[in-house]
Amino acid sequence: MEKKKLQTISLNKIGVDDSFWGKYISLVTKEIIPYQWSALNDEVKDAEKSHCITNFKVAAGLEEGTFEGFVFQDTDLAKWLEAVAYSLSYEKNEELEKLADEAIQLIGKAQEENGYLDTYFTILEPGKQFCNLKEGHELYTAGHMIEAAVAYYKVTGKDEFLNIMKRTADLICEVFHREKYENAVPGHEEIELALVKLYEVTGEEKYLSMAKDFVERRGTKPNYLEEESGKDWYVDVWHDANPYHPPYGQAHLPVRQQKTAEGHAVRAVYLYCAMADLAFFSQDKSLFDACETLYKNIVEKRMYITGGIGSSGILERFTTDYDLPNASNYAESCASIGLALFCRRMAQITGDAKYIETMETALMNTVLAGIAMDGKSFFYVNPLEVWPNACMEKTSMEHVKPVRQKWFGCACCPPNIARTLASLGEYICFTGEDSLWINLLAGAEISTELKGKKVNIKMDSSMPWEGKIRLQISAKETAEGSLYIRVPEYARNPIFTLDGKKAVPGIEKGYAHFKEDWKNQVITLEFSMEAHFAYANPNVRADVGKAAVVKGPLVYCLEEADNGENLSGIFVDVKEGLKENFREDLLGGAMEITARGKRVVKKDWEKESLYRLAPVELEETRMKFVPYCHWGNRKTGEMAVWVKYW
């Protein structure tokens, strides 16, 4: 494990100028942030109520009322503020900054004298702080607030929010070193990674130490989360009569002994983020090895082709190896965001592009599917197959929505997507010691330094439709250093040129390495990435006899809008080649992929007959596939990623 890690670039040093990503990035300040502010204030017509801002006003004594919503409702404001911070780094907006400052002042007014901050307990259970770590989400909430405060401070230089959250963090560090809490851990991980961020910006070791203690305690005996409800001071929040299930919260084993990804998927990947951070800062190889083991289990046996994780709608959790149902799965948007964050950390530590491959898959498929192309509706759950008629309440399918929702009572995903899109620059590239690392081959303008000399890189990209990338490197003074460009696993026959001449750079862990005296050079990368069929491991029962269509980083799907109803009755001919056609009029400009196949003939089937002895007949058909990330943006209907084949 390296003793230095690659760093994310300051967002004011990178501007995303990309035809694919730009469709979403341009919405962040114009649509997404204002819309979500309206949602937090319960101003979106026909949407589920948030109650978030009202809860803060009640806790601050500015309004009469009671707490409403989920116990972790405060985090929606935290993630919104984090998205605002990132957006301000590259798009100044005095009005938005003023609004954020007012929201921060409201948070400060809701904070208790000892630094405690949580509107649920302040309003409904005053004086009963940290009396239900299993379900109360106080530490989870504090974590998201800390992340937002760090982001806002780094972008604006204003420390009001940071100081508010330092008081909360100081309280946590004091309380959770008392004898009463010497083995305590949060039920929902998040505070751990947030405390590491707070340490990085303040340099105060106690925050890093507290994060490490929470991670090291997890899964040890006596198990605090199993025993907590038996305490006489326990406050019952969810009124769940079921006994605590340790794997649900990754509390079944000490973290170094965990070999498989278990339990609630979001909690798991947030824990793994903290483990990766702590492995680096402590130079703890055993902890890093545990991260690699868990990553390997996810990508080889428990992850959807779309980068979704969490196959069970019950407890939003991982189940067992190769259990990847398509129609009833969960694959929460937040879980794929957490997976991308974990992979980003692992790539920073190792300089290994394999983690970027997974990060890119999650971001460009599941995460983008979670938001409509107008920025105003969202998926919480991301299935790979949908039959709208079967998505019924009070059934095992009620968690699956065939249309994006304006908001959710439990709205963790929408603002999480917002902060992810707003911080895309942190995923596009890293900086190292006299080096720049290009991760995502997206259009962008990057400013950095190599040995103290300023260097600008303009990256033009035709991705994800064509494998054509051009980098213009310019510097006023000659700058010596290294440029690492990721060569994706899906890139076929990659060819580099340097100033018009073919170049053959060394490939190190998936990155092409150029070391030059940079002044005014042009690097191009071209590769083929034709659409192709992909197949699942035969142990994935749900996908046996089925194929998926993939082009570069994008997974494709069938929609009823193009192919009619009963997508399950379509069979694709995998021996026939796929045809690609870029359409400006399709979903804001997208590559449509067509294939030949057959479809079940229904017209000769007697309407009143459910079964018969004669087999069905098939007729020739031509089917159209569109990017999975764009599905559901036209009209409500069926959708399928995996298609039967012959």
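If the condition is being aromatic (F, W, Y) and surrounded by 24 or more Cβ atoms within 10 Å (Cβ to Cβ), then the stretch 133-156 contributes Y140, Y152. Counting the residues of the stretch 302-322 that are free of Cβ contacts under 8 Å to residues at least 24 places away in the same chain and surrounded by 16 or more Cβ atoms within 10 Å (Cβ to Cβ) gives 3.
Just so you know, in the stretch 534-559 the residues that are surrounded by fewer than 18 Cβ atoms within 10 Å (Cβ to Cβ) and of a type outside the set (G, A, S) include one that is nearest to I438 (Cα to Cα), and it is Y535.
Taking the condition at positive phi, in a loop (DSSP other than H, G, I, E, B) and in contact (Cβ under 8 Å) with a residue 60 or more places away in the chain, does D42 pass? Here the answer is no, as D42 does not meet what is asked. Working only within the stretch 62-91, note down all residues that are more than 30 Å from V235 (Cβ to Cβ), out of contact with any strand residue (DSSP E or B) (no Cβ under 8 Å at 6 or more places or on another chain) and surrounded by fewer than 24 Cβ atoms within 10 Å (Cβ to Cβ). Those that are more than 30 Å from V235 (Cβ to Cβ), out of contact with any strand residue (DSSP E or B) (no Cβ under 8 Å at 6 or more places or on another chain) and surrounded by fewer than 24 Cβ atoms within 10 Å (Cβ to Cβ): L88, S89, E91. With the condition kept exactly as written, say whether any residue in the stretch 241-264 is in contact (Cβ under 8 Å) with a residue 12 or more places away in the chain, over 26 Å from the mean Cα position of the chain (by Cα) and in a helix (DSSP H, G or I). Within the stretch 241-264, none of the residues are in contact (Cβ under 8 Å) with a residue 12 or more places away in the chain, over 26 Å from the mean Cα position of the chain (by Cα) and in a helix (DSSP H, G or I). Within the stretch 230-238, is there a residue that is without any contact (Cβ under 8 Å) to a residue 12 or more places away in the chain, over 27 Å from Y304 (Cβ atoms) and in a helix (DSSP H, G or I)? Yes, some residue in the stretch 230-238 is without any contact (Cβ under 8 Å) to a residue 12 or more places away in the chain, over 27 Å from Y304 (Cβ atoms) and in a helix (DSSP H, G or I).
Of all the criteria given as (1) under 34 Å from the mean Cα position of the chain (by Cα); (2) over 30 Å from A491 (Cβ atoms); (3) not acidic (D, E), the one not satisfied by P553 is (2). I want to confirm something. Restricting to the stretch 587-607 and keeping residues that are closer than 15 Å to C557 by Cα and aliphatic (A, V, I, L, M), which single residue is surrounded by the fewest Cβ atoms within 10 Å (Cβ to Cβ)? Only one residue fits best here, namely L587.
Exactly one residue out of F430, F408 is assigned to a loop (DSSP other than H, G, I, E, B) and of a type in the set (F, W, Y): that is F408. Only a single criterion out of (1) assigned to a loop (DSSP other than H, G, I, E, B); (2) over 16 Å from Y270 (Cα atoms) is not satisfied by S286, namely (1). For the stretch 453-468, a residue qualifies if it is among the charged types (D, E, K, R) and in a strand (DSSP E or B), and the qualifying residues are K453, K454, K458, D460, K468.
Matching residues to (1) acidic (D, E); (2) on the phi < 0 side of the Ramachandran plot; (3) not in a loop (DSSP other than H, G, I, E, B):
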{"site": "K134", "(1), (2), (3)": "no, yes, no"}
{"site": "A148", "(1), (2), (3)": "no, yes, yes"}
{"site": "A151", "(1), (2), (3)": "no, yes, yes"}
{"site": "K158", "(1), (2), (3)": "no, yes, no"}
{"site": "L162", "(1), (2), (3)": "no, yes, yes"}
{"site": "R167", "(1), (2), (3)": "no, yes, yes"}
{"site": "D170", "(1), (2), (3)": "yes, yes, yes"}
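Out of A331, A335, A362, A340, one residue alone is among the aliphatic types (A, V, I, L, M), part of a loop (DSSP other than H, G, I, E, B) and not assigned by TED's automatic domain parsing to the domain that holds S435. It is A331. Looking across the stretch 101-121 at every residue that is in contact with a Phe, Trp or Tyr (Cβ under 7 Å, 6 or more places away or on another chain) and hydrophobic (A, V, I, L, M, F, W, C), the one that is surrounded by the fewest Cβ atoms within 10 Å (Cβ to Cβ) is identified as L106.
This table checks each residue for (1) of a type outside the set (A, V, I, L, M, F, W, C); (2) touching a helix residue (DSSP H, G or I) at 6+ places or on another chain (Cβ under 8 Å); (3) more than 30 Å from H51 (Cα to Cα).
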| site | (1), (2), (3) |
| --- | --- |
| T361 | yes, no, yes |
| N382 | yes, yes, no |
| E393 | yes, no, no |
| G409 | yes, no, no |
| S423 | yes, yes, no |
| C429 | no, no, yes |
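Filter the stretch 179-195 down to the residues that are crowded, with 24+ Cβ neighbours inside 10 Å and in a helix (DSSP H, G or I) and list them by number. The answer is I191, E192, L193, A194, L195. Among all residues of the stretch 387-406, there is none that is of a type in the set (A, V, I, L, M, F, W, C), closer than 29 Å to L11 by Cα and crowded, with 24+ Cβ neighbours inside 10 Å.
The values are calculated or read from the model by the stated rules, or taken from the named source; none is laboratory data. Quick caveat: nothing in here was measured; it's all calculated off a predicted structure. Quick reminder, even Gly has a Cβ in these numbers, built from the backbone with ideal geometry, and neighbours come from all protein chains shown.
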